[in-house]
Amino acid sequence: MKFIVSLILTGLLAFGLGGYLDWWSIAIAAFVVAALIPQRPLLAWLSGFLGLFLLWGGLSFFINEKNGGLFAAKIAGILPLGGNVILLMLVTALVGALVAGFAALSGSYLRKRKA
C-alpha cells in the first residue's frame, strides 16, 4: 500500500512543482516523498522511477496529441532517433524516471540513516 501511495504522491507532487519550478523539481518531489514514507530502498527507487515514468510519458503523449505530433516529429528528426516519435516519448520518460528514481533512493537512505 505504501508503494502505491508513494508512487501517486511522487507523480502528483512532481506535477505540482513542475508548474512553478524547473524540470529538476521532480528530484525534490521524489526525495521528499521517499524521505517521508518509509520503504525499503529498492521499493523507494521503483516508486520514484515509475511515478515519473508514468507522469512524463503521459504528459509527452498528451502534448503530442494536442499539437498533432508536429513538434515531436521535428525534435525526433533532429535527435538520432530516426524520426521515431514513440522512441522520443520513451526517452523523455526514461530521463525523468531515472532522475526521480535516484532522488527517491537518496531520500530513502537519508531516512534509514536518521532512524
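Determine the relative contact order of the chain: mean sequence separation of Cα pairs under 8 Å and six or more apart, normalised by residue count, in whole percent.
38
Pick out, in residue order, every one of the chymotrypsin sites (Phe, Trp or Tyr not before Pro) in region 58-101 that is DSSP loop and has at most 11 other C-beta atoms within 10 Å; say none if there are none.
none
What is the magnitude of the charge dipole of region 2-114 about its Cα centre, with +1 placed on the Cβ of each Lys and Arg, -1 on the Cβ of each Asp and Glu, and no other charges, expressed in debye to the nearest 20?
With only Lys, Arg, Asp and Glu charged at Cβ, the dipole is about 500 debye.
For PHE62 and LYS112, what is the calculated FRET efficiency with R₀ set at 22 Å and r taken between the beta-carbons, to the nearest 0.05?
Efficiency computed from Cβ-Cβ geometry: 0.05.
First measure r as the distance between the Cβ atoms of TRP24 and MET1, then evaluate 1/(1 + (r/R0)^6) with R0 = 25 Å and state the FRET efficiency to the nearest 0.05.
With R0 = 25 Å, the Cβ-Cβ based efficiency is 0.30.
On full extension of the chain, what length is gained from ILE78 through LEU42, given 0.36 nm per residue of separation minus the C-alpha to C-alpha distance?
So the chain would gain 9.4 nm between ILE78 and LEU42.
Between region 9-25 and region 41-104, what is the C-alpha centre distance in whole Å?
One Cα centre to the other: 15 Å.
Gaussian network model of the chain, Cα springs within a sub-10 Å range: biggest mean-square fluctuation belongs to which of GLY18, GLY51, GLY68?
Among GLY18, GLY51, GLY68, the largest GNM mean-square fluctuation belongs to GLY68.
Rule-based calculations on the coordinates, nothing more; no lab input. What you see is a predicted model; the values in this text were computed from it and never measured. No Cβ is skipped: glycine too gets one built from the backbone with ideal geometry, and neighbour counts run over all protein chains shown.
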